Each structure stands twice: as structure tokens, then as C-alpha cells.
Amino acid sequence: MTTSASAIDHASLSAATTRLSVDLTALAENWRKMRDLSGSARCGAAVKANGYGTGADRVAPRLAREGCRDFFVADANEGAGLRPLLPDARIYVLNGVFEGSFAQTLAHDLIPIINSPEQAAFWLENAGTRDYALHIDTGMNRLGLTPEQAAAHSQGSAPSPCLVMSHFACADDPAHPLNARQIKLFDGIRSCFPGIEASLANSGGIFLGAAVHHDLTRPGIALYGGEPVSGVANRLRTVVTAETRVLVIREAKAGETVSYGGAHSCTRDSRIAVCGIGYADGFHRSASGSGVPLRSAVPQGACGAINGVRIPVIGKITMDLTMFDVTDLPDGAINPGDWIELLGPTIPLEEAADAAGTISYELLTSLGRRYARSYLG
């Protein structure tokens, strides 16, 4: 697979100490898998938060080429940015609408997802018969009308929504009892909206089966190679590979310390690869090899990899620099200028997230601006 000449700034890459590769072919394959699992339902795509950190301006058009026609963004600004790239798509705004976002929503033909009686009143008073979706809270206690409020809305004289939806709280855990309660509540309130399309299943929800697919599914993390169901082998393709450049290889004697706070003390004469990445790039300080509270709960810190061989982070990750212990690599196996994988084919996304005490969503959306990005496929 090749990288198109227009897909990367070669001058930036030559000077970069971090690089990020996004495999759009793998992304498209993951979407097709979610589409096939969705059965008769249409398969949409969550491209909020800049395509989960991967670049919505690249991700969304690629998915549109595959046949995706329903896209979900967080706010009107995100939707406005994508409209020129998705002229024929339905773009839903998850955060709904308010006075300040109203003009953007109308100007770019966005579909607000109404999350409260106040949002409903504002939209219906000002937007006339323009399409809107209705979000019904079935257990998240985050956004959405209560089932009682939704039932009352359905009895009014206002135009009907084009879509009713809810959101799973625990779909990544198929055995969680809240799933069944949410399904029952959603199925009950749908009867108030006969003939209206419905959507409930996110990435994990798609794996709960046809009964929750309804008319439209909304995969998110699964598209980007994340694990949709906890504890189940992830068969989705790797989409994102992040790497950092080795700046120097230095020697440290047994008993010497590494990084801030002297938290890591070398137990042997060591070789250390100092690399140009840190928490300013989204390589979380909590993933440090030592000296952070998380290490008392999760002993293993982050690892990198070179040529498929794992190498541990040692000491504290700093703003712009991270140290890796490369003592066990053969002489000549790593040199200044080489690239160390942080996540990708060798270091799965979920593993990298676990080492930082977080989730794949946060890790991807934390990817910093200093990465030289390339897009494959």
C-alpha cells in the first residue's frame, strides 16, 4: 500500500519527531464489517472529535465512498466543516441546537439531535418543518428527553422527528443488566413514534444482535480499530500507527536515575533511547514506567516497539521527551533517527490505553498537533 504524494507534507516529516499513519483502507474495511453486522439497518459513522483524532476531513469522505450516508458529529462547527466534503450526506449534531449554533445548523443543512424540552421548543419555534432527531435517555442520565417527556412530545402538534434514538451505557459489556433495561425502555417509547426511523446501536451495540439494530446503527470506535466488546478478541483492522523518532542513544550506569524525580534507578548498566514525544503529544504521563500513581495499580507502564520487539518506557514521560530501555536489543539494532512504534501492529490500541489507565477513545482523541500525518489508501 502506498502513500499518495498529496497525503503527506514531506518537509514536515523530515523535521518531525513524531509521525502518524492512518490506514483509510483498513478504516473502510472496518466500516464494511460493521455494515454487514448491521443486517438490514443502514450503517452510519461517528466522525466527531476530528474523526476520533484521525482527521475527519480524510475519514468522512473515505467512508462516503464506501456508501455511508449518515454521519454523527458533536457540534455544529464540526458539521459545518464537513458539509463541503459530504454534500449529499445526513449530518447529525449530537449536542443538539441552541441559539448560538442555530445559524450554523441551518446554513449547512445539519440535523440537530434534540436533547431536552428546551431544545425542542427552540427548534420547533424557529426552524419550522426542518428535520430534527429526538434523543431519548434510557439510562445514561446525560443527554436526552426522559421517556415521559418524549411521550408528551409525541402527543403535541409539532412535526415529527426524522429519527428517534438512544445511547447504550454498557454495550461493550454484553452481560450488563443495564443493556436489557435500556432496550426495553427504548422499545416501549418507540411505539409513540410509529413510522419514525430508530437508532440505538453504537459499536458495541451492533454486536448485541439484530433486535437492537433498528433502522440505523452508529459505529464509532470500531471504525478506528478499537475494541468494541471488552474481553473479546478484536478482529478489526489496525487503522492508526503512531511512532516517535530516536534522538539519541545514551549510556547510564547501574545506580543512576532516569528522568524527573529520579523515580527510575538503573539496576544494571543500561542503554537508553531518548525519543521526541511526550505528554504534549498525547503520550500520557500516566503511562510512565515509574513515578506516577498508576504504577501501583497497573505495574507495567507503556512500551514501544522496534522491528516488532517491545521496549519499555523507563522513568517519567515528560512534555516533549520519553526514554525507552533498549539494553536488551543487539548492538546496532537501534540508532538515532530510527522510529519506535507507540501503537500500531505490535502495540494494540487497547494495550497502549491500558498502560495509561485510560481508554482507546481518549488515547486517539489526545493525539497532538506535532505528528506528521500520512494517509494510506
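The values are calculated or read from the model by the stated rules, or taken from the named source; none is laboratory data. As the structure is a computational prediction, the values presented were derived from the model and not from experiment. So basically every Cβ, Gly included, is an ideal-geometry build from the backbone, and we count neighbours across all protein chains shown.
The residues on offer are Leu145, Leu163, Leu178, and the sole one that is among the hydrophobic types (A, V, I, L, M, F, W, C) and farther than 25 Å from Leu110 by Cα is Leu178.
None of Asp70, Asp23 is surrounded by 15 or more Cβ atoms within 10 Å (Cβ to Cβ), touching a residue at least 12 places away in the same chain (Cβ under 8 Å), among the acidic types (Asp, Glu) and outside the structural domain of Ser166 (by TED's automatic domain parsing) except Asp23.
When Gly81, Gly55 are checked against the criterion of being modelled with pLDDT of 95 or more, closer than 25 Å to Glu362 by Cα and touching a Lys or Arg at 6+ places or on another chain (Cβ under 9 Å), a single residue qualifies: Gly55. If the condition is being under 18 Å from Ser21 (Cα atoms) and within 14 Å of the chain's Cα centre (by Cα), then the range 39-77 contributes Val47, Ala49, Asn50, Gly51, Tyr52, Gly53, Thr54, Gly55, Ala56, Val59, Ala60.
Within the range 214-264, the set of residues being of a type in the set (S, T, N, Q) and out of contact with any Pro (no Cβ under 8 Å at 6 or more places or on another chain) comprises Thr217, Ser230, Thr244, Thr257, Ser259.
Restricting the range 183-201 to residues that are small (Gly, Ala, Ser) and farther than 25 Å from Val232 by Cβ, the residue that is surrounded by the most Cβ atoms within 10 Å (Cβ to Cβ) is Ala198.
The residue that is surrounded by the fewest Cβ atoms within 10 Å (Cβ to Cβ), counting only those in the range 35-57 that are among the charged types (D, E, K, R) and within 24 Å of Ala198 (Cα to Cα), is Asp36.
Here is a yes/no grid of residues against (1) more than 30 Å from Arg58 (Cβ to Cβ); (2) without any contact (Cβ under 8 Å) to a residue 24 or more places away in the chain; (3) among the aliphatic types (A, V, I, L, M):
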residue	(1), (2), (3)
Val239	no, no, yes
Ser265	yes, yes, no
Cys275	no, no, no
Gly278	no, no, no
Val298	yes, no, yes
Gly308	no, no, no
Asp320	no, no, no
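Within the range 202-251, how many residues are of a type in the set (A, V, I, L, M, F, W, C), over 15 Å from the mean Cα position of the chain (by Cα), closer than 18 Å to Ser38 by Cβ and buried (at least 21 other Cβ atoms within 10 Å of the Cβ)? Residues flagged as of a type in the set (A, V, I, L, M, F, W, C), over 15 Å from the mean Cα position of the chain (by Cα), closer than 18 Å to Ser38 by Cβ and buried (at least 21 other Cβ atoms within 10 Å of the Cβ) within the range 202-251 amount to 3.
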